[in-house]
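**Student:** Here it is, the structure, as structure tokens.
The values are calculated or read from the model by the stated rules, or taken from the named source; none is laboratory data. In this text the structure is predicted, and so the values were computed from the model without any measurement. Reconstructed Cβ throughout: ideal geometry from the backbone, glycine too, with neighbour counts over all protein chains shown.
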Amino acid sequence: MEEQDQMQSSIEVEELEEQQQREGKRLEEENVVRFLDSLDSYVTLLDSLSSTLRQGWLELASARQSMGASRINGALLDLKFHSAATSLQVTHHDDEILNQPHFTLCKWASSKNGYGDEKLRENKLQTNSDGPQLRHRSQFAEKIPETKGAPLIVDDQVQKERTKSLSMFGTLVSPKLRAAQLSFETALETLVEIANVRLTMLSTSDQVRKELEGTEG
Amino acid sequence: MAGRAQIPNKSSALIAMIADEDTVTGFLLAGVGNVDLRRKTNYLIVDSKTTVKAIEDAFKEFTTKEDIAIVLISQYVANMIRFLVDSYNKPVPAILEIPSKDHPYDPAHDSVLSRVKYLFSAESVASGRR
């Protein structure tokens, strides 16, 4: 009877060990898949960035041709004190699972108004891999009142900020310069996505490396 | 309160740039330019007269400032200070190498891809199979 009990418990222990090994293997494979996904996203986004930047440079060159080289050059850049209208929000999570920072682009944020001036773009790629973190909506987006006039106010403010940025090259600017501005805004959005994917890629590659070293040892 | 979600710690930050004039101008049009009270900017325009020391100093400055979260650097400029860029390993600020007008992006020189390419080497694959 005792022997049967001992056999039963050793079988249970073996089954538990097998289950743990299967679970460990599954986690390793998940890390590898996450790493490969992030690497693929990184390369794809860089390709997209290259074409967006090319378009922006071409539009800038066209604007320079129509407005004159003296009207679009580095000497005209505003060196008076001013804060960046487009900035980043860096979110740090303190728990063990989401232990890497996350970047969110805040386009044309105005320090004067408390609402409605910010256009926040979330990283859609991160939405697929990091669940709850990316369902978080910006606190500023939540403050926008749900009236018909509010989106128009936001657009007006954004247009004012864009015009203010263009004004360093004069009051009347070429449409190509406006187009270049939009291209570089798109490039910024892509760059923030790249920054988030880069963090995922580096953290998953570290995990895969540790697993490989554990296998070798 | 039981089961309360962690409140994330948020902070606002800037994007710094070390690139050629057209790239910097374009991103300044997008509103990322910042000039502080001491007239220090969050960008460095690199041209033929810019010294390697100036680029190194700007890189060190931008990567140590607490209010900068991303540093954009043209890849051909990063190649001039490759040792410095490759030895940088903090998550924030993130160093992103970008193409420039005259120098297309080359994945072989990207510091991030260089860090992970060992995972695709024949040795690492073979050792994982043993």
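**Student:** Residue check: is residue A:39 of a type in the set (A, V, I, L, M, F, W, C), touching a residue at least 24 places away in the same chain (Cβ under 8 Å) and closer than 30 Å to residue B:29 by Cβ? Walk me through it before giving the result.
**Tutor:** Details: of a type in the set (A, V, I, L, M, F, W, C): yes; touching a residue at least 24 places away in the same chain (Cβ under 8 Å): yes; closer than 30 Å to residue B:29 by Cβ: no.
Here the answer is no, as residue A:39 does not meet what is asked.
**Student:** Here's something else I'd like to know. Determine whether region B:81-89 contains at least one residue that is modelled with pLDDT of 95 or more and over 13 Å from the mean Cα position of the chain (by Cα).
**Tutor:** Looking through region B:81-89, none of the residues is modelled with pLDDT of 95 or more and over 13 Å from the mean Cα position of the chain (by Cα).
**Student:** Please identify the pairs in which a residue from region A:16-31 that is within 23 Å of residue A:199 (Cα to Cα) has its Cβ atom under 7 Å from the Cβ atom of a residue that is part of a helix (DSSP H, G or I), counting only partners at least 6 apart or on another chain.
**Tutor:** Cβ pairs passing all conditions: A:28/A:211; A:31/A:204; A:31/A:207; A:31/A:208; A:31/A:211.
**Student:** Using beta carbons and a limit of 8 Å, which pairs, at least six apart or on different chains, have the first residue in region A:142-168 and more than 12 Å from chain B (Cβ to nearest Cβ) and part of a helix (DSSP H, G or I) and the second one at pLDDT 65 or above and surrounded by 13 or more Cβ atoms within 10 Å (Cβ to Cβ)?
**Tutor:** Cβ pairs passing all conditions: A:157/A:108.
**Student:** Report yes if residue A:49 is touching a residue at least 40 places away in the same chain (Cβ under 8 Å) and at the interface with another protein chain (Cβ under 10 Å from one of its Cβ atoms), otherwise no.
**Tutor:** Values: touching a residue at least 40 places away in the same chain (Cβ under 8 Å): yes; at the interface with another protein chain (Cβ under 10 Å from one of its Cβ atoms): yes.
Yes: the conditions hold for residue A:49.
**Student:** All but one of (1) part of a helix (DSSP H, G or I); (2) surrounded by 21 or more Cβ atoms within 10 Å (Cβ to Cβ) hold for residue B:97; which doesn't?
**Tutor:** For residue B:97, the exception is condition (1).
**Student:** Residue B:113 - would you say it is in a helix (DSSP H, G or I) and either more than 13 Å from chain A (Cβ to nearest Cβ) or surrounded by 13 or more Cβ atoms within 10 Å (Cβ to Cβ) (or both)?
**Tutor:** yes
**Student:** Collect the residues in region B:101-110 that are farther than 17 Å from residue B:20 by Cα and either surrounded by 14 or more Cβ atoms within 10 Å (Cβ to Cβ) or of a type in the set (Val, Ile, Thr) (or both), keeping them in residue-number order.
**Tutor:** B:107, B:109, B:110
**Student:** So which residues in region A:69-93 are more than 14 Å from residue B:24 (Cα to Cα), crowded, with 21+ Cβ neighbours inside 10 Å and out of contact with any strand residue (DSSP E or B) (no Cβ under 9 Å at 6 or more places or on another chain), if there are any at all?
**Tutor:** Matches in region A:69-93: none.
**Student:** Here's something else I'd like to know. Consider region A:42-64. How many of its residues are aliphatic (A, V, I, L, M) and under 21 Å from residue A:193 (Cα atoms)?
**Tutor:** Of all residues in region A:42-64, those aliphatic (A, V, I, L, M) come to A:43, A:45-46, A:49, A:53, A:58, A:60-61, A:63.
Narrowing the set further to residues that are under 21 Å from residue A:193 (Cα atoms) leaves A:43, A:45-46, A:49, A:53.
Number satisfying all stated conditions: 5.
**Student:** Quick one: how many residues across region B:64-87 are surrounded by 14 or more Cβ atoms within 10 Å (Cβ to Cβ) and among the aromatic types (Phe, Trp, Tyr)?
**Tutor:** Summing the residues that are surrounded by 14 or more Cβ atoms within 10 Å (Cβ to Cβ) and among the aromatic types (Phe, Trp, Tyr) in region B:64-87 gives 1.
**Student:** Conditions: (1) exposed (fewer than 15 other Cβ atoms within 10 Å of the Cβ); (2) of a type in the set (Ser, Thr, Tyr); (3) at the interface with chain B (Cβ under 10 Å from one of its Cβ atoms). Residue A:66 meets all but one. Number of the miss?
**Tutor:** Of (1) exposed (fewer than 15 other Cβ atoms within 10 Å of the Cβ); (2) of a type in the set (Ser, Thr, Tyr); (3) at the interface with chain B (Cβ under 10 Å from one of its Cβ atoms), only one is false for residue A:66: (3).
**Student:** Now for a different question. Answer with yes or no whether residue A:54 is more than 9 Å from every other protein chain (Cβ to nearest Cβ) and not hydrophobic (A, V, I, L, M, F, W, C).
**Tutor:** Values: more than 9 Å from every other protein chain (Cβ to nearest Cβ): no; not hydrophobic (A, V, I, L, M, F, W, C): yes.
No; evaluated as a whole, the condition is false for this residue.
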